[in-house]
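What follows is a single structure, written as structure tokens, with notes after it.
Each value in this text was obtained by applying a stated rule to the coordinates, not by laboratory testing. Here the structure is a predicted model, which means the values were calculated and not measured. Cβ coordinates were reconstructed from backbone atoms using ideal geometry, including for glycine residues, and neighbour counts include every protein chain displayed.
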Amino acid sequence: MIGKKTVVYTSGTFDLLHINHLKMIEYARALGDILIVGVNTDELVCSYKSQPIIPFEQRMALMKAIKGPDIVIPQHSLNHADKVKKLHFDIFVVGDDWAGKYDYLKEQGVEVVYFPYGEGVNSSNLKTKIYNSYRQLQQMADNHFPSNVDTTRHPKQKKKNRKK
């Protein structure tokens, strides 16, 4: 608590910003007076999953641009014990895909809320969907030509005459 204001902290990668990110931020915003959003650095994300599609600086800018956060900060660690002391937050909100991971914050007097993230919409699923759509379009383009047409050589290239 800062003064008599309840401080809420939430964090994430926020790669491929989607509706569940916005719902979680909106929910966190409603729980207190000051909302601090931590954005995971690229280095931190790479320590536990694949490289984000959207670079860190752009993800920070997106979080600053949306309605909800009062403060947006870089997050360099998944351990929030030090942040409780520095930022004096009372409530920590995180997606329920991390259920149980942050219960240690309760020992520091922080209320931990595992937000019901929702099914089907997350950055990993979006990446898979985009990749699968790309592959399907690529296959359709590759199969656009009749099977007897050589699509590997440029149309202006002439076949070499091997007859002598």
**Item:** Rg/Rh for segment 7-115, where both radii come from Cα atoms and Rh is the Kirkwood radius
**Value:** 0.93
**Asked** For Q136 and S50 in the same chain, what is the full-extension length gain: residue separation times 0.36 nm, less their Cα-Cα distance, in nm?
**Response** 28.7 nm
**Request:** Would you please give the FRET efficiency between L62 and N143, computed as 1/(1 + (r/R0)^6) with r the Cβ-Cβ distance and R0 = 30 Å, to the nearest 0.05?
**Result:** 0.20
**Ranked list, fewest to most other Cβ atoms within 10 Å of each Cβ, for V112, V39** = V112, V39
**Request:** Grab the Cα-Cα distance for L22 and D42, subtract it from 0.36 nm times how many residues apart they are, and report the gain in nm with one decimal.
**Result:** 5.2 nm
**Complete:** As straight-line cross-link partners of K67, the qualifying aspartates and glutamates (C-alpha separation under 19 Å, not fewer than 8 residues apart within one chain) are D15, E26, D33, E57
**Request:** Kindly flag which residue pairs out of K86/K106; K23/K64; K23/K86; K4/K101; K4/K83; K64/K106 have an alpha-carbon separation exceeding 21 Å in this structure.
**Result:** K23/K86; K4/K101; K64/K106
